[in-house]
Amino acid sequence: MSKLVLHIGTHKTATTTIQRSLHLNRTEAFKAGLVYPDLPRQHHGLVADWIRLPEFYHYPAGAKAHWQHITKVNSGTDRTVLISTEELSRGTPDNQVNFSELRELVAAFDEVEVVCFLRDQLSLIQSIFFEVFRKHGKLGWNNYLALCFRDRLATGVFLDYGKLYDLLLTHFSEDEITFLPFRPSGQAVSPLNALLSHIGFSNLIGKIKQEDANRSAEPLATWLSVLINHPDGFDADLATTILPLFDGKKTSMYTSAEAKRVVDFFEPLNAAFLERYPGLTASDLAMQQPLEDEYFFRDQVRTPVWIELARLMRNETS
C-alpha cells in the first residue's frame, strides 16, 4: 500500500537537520522503500501556491504540478513518500496551506499521515525570535513577545497547539494525525531518529548520517552581536568575544518576569490540548523556567556590562 507522510514541523524542531539529512541520504532511503523527493530548494516550494514565500522557493511549473507528479509516480506502489516542510503548519489565517486542495491532489495514496513535532513554548518563542532577529536585527523583542500573547502565534507559528490540532482536524482524521515531542520528558533526543522510527523505518537509523544545522548560539551573545554589527546581522566571532561578559552562566532573552508570564499563560493551553490528545504527556511540553542563580537575563545587561563590552572590543581591535 502506498503512504504519504507529511512532516509539517513545527519550526525550530530540527526540521532543517531532518530535511538536509534525508535529502543527502535519499538514495539509501529509497532502497528501503522510503521516498524523499528530490526537489529544488527542498520541499518548501510545495506550499508556494498557497503561502507567501520568497520567489526563490517557487517552482517554475508551480507547486500543484509537483504534488500531482509525486502522487502519480508513487501511488499504487508499496512505497512511503515523506514530504518535509514546516511551512505546512503556518498558522496566520490569511497565510495557510489549503489542505482541502492538497488532499485532492494526493487522494490516490492509500494512506496519509501528518506528523508534527511540538516544542515547549518558552524555548520555542525565544528560538523563533533569534531565527528572525539574527538576520537583520529589525524585530523588536517587546513587540514580538506582546504579539505572541495576543495572537498565540510567533511570526505565524502556532503557539496554541489546540488551535493547530483544530486546523488539522478539519482535513484529517484523528488517526491520521500524530504529534511527537521534540524533547520527550524534557530529554534531548534525535528528532530524525524519532521520525524514522515512527513511520516504520527504524532500519535506516544509523544508515542515514545526521547533518546538523541551525544550532543556536547563546541568546544574549547573539542579541548583542546583532545590535553591534547592525545592519549586517549576526557575527559568530563577535558573539564569541561577548561570551565572557556572562561569567559562565547560560543566558536568556527573557527577563525572569517575562519567562514566568509565558509559563503561566501557556501551561493551561497545553493542559487543554493534552486532554484532547493523550499521545503526549505534560512532561513532553514542560517549560523549565530559568533560575536566577543559573542564568543571566536580558534586564541584567546594564551600564557595567556595556562598559566591559567596550573594553573587550577595544582589546580585540588593538
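Let's see how each residue does on (1) assigned to a helix (DSSP H, G or I); (2) in contact with a helix residue (DSSP H, G or I) (Cβ under 8 Å, 6 or more places away or on another chain); (3) touching a residue at least 40 places away in the same chain (Cβ under 8 Å):
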residue: ASN203; (1), (2), (3): yes, no, yes
residue: ASP212; (1), (2), (3): no, yes, yes
residue: THR222; (1), (2), (3): yes, yes, yes
residue: VAL226; (1), (2), (3): yes, yes, yes
residue: GLY233; (1), (2), (3): no, yes, yes
residue: ALA239; (1), (2), (3): yes, yes, no
residue: LEU243; (1), (2), (3): yes, yes, no
residue: THR251; (1), (2), (3): no, yes, yes
residue: TYR254; (1), (2), (3): no, yes, yes
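If you go through the stretch 248-268 one residue at a time, how many are basic (Lys, Arg) and over 24 Å from SER283 (Cβ atoms)?
1
State the number of residues belonging to the stretch 176-209 that are exposed (fewer than 14 other Cβ atoms within 10 Å of the Cβ), over 15 Å from ASN270 (Cβ atoms) and more than 16 Å from the chain's Cα centre (by Cα).
Within the stretch 176-209, residues that are exposed (fewer than 14 other Cβ atoms within 10 Å of the Cβ), over 15 Å from ASN270 (Cβ atoms) and more than 16 Å from the chain's Cα centre (by Cα) number 6.
May I ask you to list the residues in the stretch 92-106 that are part of a loop (DSSP other than H, G, I, E, B) and touching a residue at least 12 places away in the same chain (Cβ under 8 Å)?
THR92, ASN95, GLN96, VAL97, ASN98, VAL106
Count, please, the residues in the stretch 206-257 that happen to be of a type in the set (Val, Ile, Thr) and more than 18 Å from LEU309 (Cβ to Cβ).
2
Exactly one of these conditions fails for THR27: (1) part of a helix (DSSP H, G or I); (2) touching a Phe, Trp or Tyr at 6+ places or on another chain (Cβ under 6 Å); (3) more than 24 Å from ALA188 (Cβ to Cβ). Give me its number.
Condition (2) is where THR27 drops out.
Under 6 Å by Cβ, and 6 or more places apart or on different chains, what pairs join a residue from the stretch 120-139 that is on the phi > 0 side of the Ramachandran plot with one that is buried (at least 19 other Cβ atoms within 10 Å of the Cβ)?
Sorted first by the residue in the stretch 120-139, then by its partner, the pairs are GLY137/VAL226.
Mind counting the residues in the stretch 127-175 that are modelled with pLDDT under 95, surrounded by fewer than 17 Cβ atoms within 10 Å (Cβ to Cβ) and either β-branched (Val, Ile, Thr) or part of a helix (DSSP H, G or I) (or both)?
3
State the number of residues belonging to the stretch 1-55 that are more than 18 Å from the chain's Cα centre (by Cα), hydroxyl-bearing (Ser, Thr, Tyr) and crowded, with 22+ Cβ neighbours inside 10 Å.
1
Of everything in the stretch 292-317, what is of a type outside the set (S, T, N, Q), under 30 Å from GLU267 (Cα atoms) and surrounded by 10 or more Cβ atoms within 10 Å (Cβ to Cβ)? Give them in sequence order.
Matches in the stretch 292-317: GLU292, TYR295, PHE296, PHE297, ARG298, ASP299, VAL301.
From (1) over 23 Å from ARG134 (Cβ atoms); (2) within 28 Å of the chain's Cα centre (by Cα), pick out the condition that doesn't hold for ASP237.
Against the list (1) over 23 Å from ARG134 (Cβ atoms); (2) within 28 Å of the chain's Cα centre (by Cα), ASP237 comes up short only on (1).
The values are calculated or read from the model by the stated rules, or taken from the named source; none is laboratory data. Given the structure is predicted, the values throughout are model-derived calculations rather than measurements. Cβ atoms come from the backbone with ideal geometry, glycine included; neighbour counts cover every protein chain shown.
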